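Report on the following structure.
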Amino acid sequence: MAEIAPLTPLRYDLSRVPGGLGTIIAPPYDVISPEERAVLAARDPHNVVHLILPEGEGDAKYAHAGQLFAKWQAERVLVRDDEPAFYRLDQRFVPPGGDANAPKLLRRGFLALVRLVPFSARVVLPHERTLSGPKEDRLKLFRATRANLSPGFMLYRDARGELAPALAEAEPIAETRTADGVEHALAKIRRPEAVRAIVDGIARSTLLIADGHHRYETAVRHAEEVSAAHPGAGPRAEHRFFMTFLVNGDDPDLVVFPTHRHVHSLASFSFDTLLRDARALFDVQELPQGADAPAILAALSRAGSRGPSLAAASRDGRAAVLTLRAEGSGPPGEGRDPLLEAHPTLGRQPAVLRRTDVTLLHTGILEPVLGITPAAQAAKTNLWYPQNAASALAELRGGKGDVLFLMNAMPVAQVRSVAEAGEVMPQKSTFFYPKVPTGLAIHTLHPERSI
């Protein structure tokens with residue numbers, strides 16, 4: 001099962017950060033727009049965005065990140081902790097679109113080091129496909145900085161909450177509130193008995209990647225490179241471990257949102273043709289003209305309780321909910337599913353995937369109906385991946401793109417079922433909220449240092 005360890009990271013000396021923790025942390029690199037990067041960079045000259053999205057052209061930007069990282073250490077802006085510990089992060093929040101006056105939810109997790117193992121070991125489980133471009137980008141940054149700057153995000157299994165007492169033993173470090181309204185409280189867990197209880201508890205579980213597939217695969221590849229170059233490195237050398245934010249995947253308050261699909265730049269598109277061809281797999285329920293995002297999502301949610309469903313919206317104000325036809329509604333993995341098995345593309349998919357909404361969209365509509373090949377999907381040639389349904393619908397009806405597909409959130413149990421079956425879904429199948437900040441801690445990857 002999974003092997004974790006406390007970390008002895010580099011952390012910001014907050015006495016040298018006038019604005020406190022909130023001015024130097026950033027969201028994960030892959031959700032930061034150019035405009036948001038500019039805001040973060042201006043917030044503090046030491047904001048971690050200067051490292052994770054460095055300035056410069058071509059490969060020069062990675063060298064710049066390495067130089068800047070070394071400079072901040074020399075200036076003692078980043079200093080190494082004097083003892084190993086786990087770093088607990090409590091995030092209190094109201095889900096986007098929720099009642100601002102409702103009690104805030106709490107997601108409690110902790111930063112730890114996870115031993116890097118290939119996916120084939122079935123200890124760390126992916127659930128999404130990855131793309132080569134982001135992995136090459138992150139690998140160059142790993143090499144230049146010799147550091148794991150951004151944590152991954154993984155889920156462990158603890159249905160009875162056995163780790164809760166150990167996670168409660170934490171010494172406060174700092175608190176902040178980010179622009180999205182999320183309250184973050186960082187604390188240190190260092191008592192040996194608590195650390196041991198957490199290590200032993202996680203050792204009984206596999207780990208499901210919630211976010212950071214590209215970062216994890218990059219870390220595995222980088223570790224192999226470093227090990228080959230330093231054959232004398234010890235079994236607990238730093239580069240053999242990956243910094244990860246760990247959360248109990250059995251927590252009922254775990255919030256997962258969908259990532260929608262905004263299709264654009266098709267050679268030709270007809271909403272009528274889409275609905276006609278979709279009827280080969282789906283029952284089609286057209287909604288009233290001009291239905292807004294809340295109305296479409298409400299209808300989609302109702303349909304989702306009956307079977308795999310998705311919604312399609314057109315530029316001219318039309319919308320429809322597509323629900324898998326009854327012939328394909330048998331329990332997942334039980335018996336035969338003739339409708340899906342007979343489909344020219346879905347029939348080649350493993351049974352555990354055929355009934356996931358995102359696979360039905362990609363393999364049942366995007367490829368055979370709209371002609372968006374897997375290669376085009378990987379290259380994002382015709383796809384944007386919005387997370388805000390209302391703004392994406394407004395952009396569509398303002399003339400941007402061809403058609404918008406809105407999705408229901410995928411239950412964590414279904415995500416784990418896919419991963420435990422050894423399968424992966426299309427990229428951006430899930431969106432765990434809130435995101436884990438970068439900049440709370442940095443794990444160096446020196447083969448001469450052991451954890």
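The values are calculated or read from the model by the stated rules, or taken from the named source; none is laboratory data. Nothing here was measured: the structure is a model prediction, and the numbers come from that model. Here the Cβ positions follow ideal geometry from the backbone for every residue, glycine too, while neighbour counts run over all protein chains shown. To get the accessible areas, we keep the full protein, side chains included, count just its heavy atoms, and leave off ligands, DNA and RNA. Shrake-Rupley method; radii C 1.70, N 1.55, O 1.52, S 1.80 Å.
Once label points are set 7 Å from the Cα along Cα→Cβ at both A60 and E175, what is their separation, rounded to one decimal in nm?
Taking the two extended label points, one gets 4.5 nm.
Using packing as a proxy for protection, rank 292-302, 242-252 so that the peptide with the highest average count of other Cβ atoms within 10 Å comes first.
Values: 292-302: 17.4, 242-252: 22.1.
Per-residue mean Cβ counts within 10 Å order the peptides as 242-252, 292-302.
Go ahead and estimate [θ] at 222 nm for the chain from helices alone: -39,500 (n - 2.57) per DSSP H run with n ≥ 4, summed, over the residue count, rounded to 500.
Numbers: 15 runs with 132 residues, N = 451.
That calculation yields -8000 deg cm²/dmol at 222 nm.
What FRET efficiency, computed as 1/(1 + (r/R0)^6) with R0 = 22 Å and r the Cβ-Cβ distance, is obtained for R16 and E183, rounded to the nearest 0.05?
Details: r = 24 Å, r/R0 = 1.07.
Using R0 = 22 Å, I get an efficiency of 0.40.
If you take the square roots of the eigenvalues of the alpha-carbon gyration tensor of the stretch 159-208 and sort them as a ≥ b ≥ c, do you get rounded (a/c under 1.5), prolate (a/b over b/c) or oblate?
On the way: a/c = 2.86, a/b = 1.60, b/c = 1.78.
Cα axes put the stretch 159-208 in the oblate bin.
Averaged over all directions, how much area does the convex hull of the C-alpha atoms of the stretch 329-409 cover when projected, in nm²?
Working: hull surface 24.5 nm².
Averaged projected hull area, Cα only: 6.1 nm².
In square nanometres, what is one fourth of the surface area of the convex hull spanned by the alpha carbons of the stretch 1-149?
Values: hull surface 47.1 nm².
Averaging across all directions leaves 11.8 nm² for the Cα convex hull.
When the dipole is taken about the Cα centre of the chain, and only Lys, Arg (+1) and Asp, Glu (-1) are charged at their Cβ, what size is it in debye, to the nearest 20? Intermediate results must be reported in sequence, preceding the final value.
Working: 52 positive and 52 negative charges, 71 e Å.
In debye, rounded to 20, the chain gives about 340.
Using Cα centres only, tell me the gap between the stretch 1-40 and the stretch 91-150 in whole Å.
Centre-to-centre (Cα) distance: 13 Å.
Give me the net charge of R416's neighbourhood, meaning all other residues with Cβ under 11 Å from the Cβ of R416; Lys, Arg count +1, Asp, Glu -1.
Numbers: positive: R157; negative: D250, E420.
Result for the local shell: -1.
Return the ratio Rg/(2.2 N^0.38 Å) for the chain, where Rg is computed over Cα atoms only. Write out the running numbers ahead of the final one.
Values: Rg = 22.8 Å, N = 451, 2.2 N^0.38 = 22.4 Å.
The value comes to 1.02.
Once the Cα gyration tensor of the stretch 243-381 is diagonalised, what are the square roots of 5 times its eigenvalues, in whole Å and ordered largest first, as equivalent ellipsoid semi-axes? Walk me through the numbers before you get to the answer.
On the way: eigenvalues 113, 84, 66 Å².
The answer is 24, 20, 18 Å, longest axis first.
Starting from the Kirkwood radius over alpha-carbon pairs of the stretch 208-311, derive D by Stokes-Einstein at 37 °C in a medium of 0.692 mPa s and give it in µm² s⁻¹. Could you put the intermediate results ahead of the total?
Numbers: Rh = 19.1 Å.
It diffuses with D of about 172 µm²/s by this estimate.
Please work out the average accessible area per residue across the chain, using the 1.4 Å probe convention, and give it in Å². Intermediate results must be reported in sequence, preceding the final value.
Numbers: 18850 Å² over 451 residues.
For the chain, the solvent-accessible area averages 42 Å² per residue.
Taking the square root of 5 times each eigenvalue of the Cα gyration tensor, what semi-axes in Å does the equivalent ellipsoid of the stretch 127-256 have, largest first?
Values: eigenvalues 153, 77, 53 Å².
Working from the Cα gyration tensor, I get semi-axes of 28, 20, 16 Å.
Along Cα→Cβ, 7 Å out, is where each label goes; now give me the distance between the ones at V284 and S301 in nm to one decimal.
Taking the simple label geometry, V284 and S301 are separated by 2.6 nm.
For the stretch 297-451, would you read off the P(r) tail past 20 Å as a percentage of all alpha carbon pairs?
Values: 6887 of 11935 pairs.
Here the long-distance tail beyond 20 Å is 58 percent of all Cα pairs in the stretch 297-451.
List the relative contact order of the chain as a percent without decimals, with contacts defined as Cα pairs under 8 Å and 6+ residues apart. Walk me through the numbers on the way to the answer.
Working: 837 pairs, mean separation 108.8, N = 451.
Value for the chain: 24 percent.
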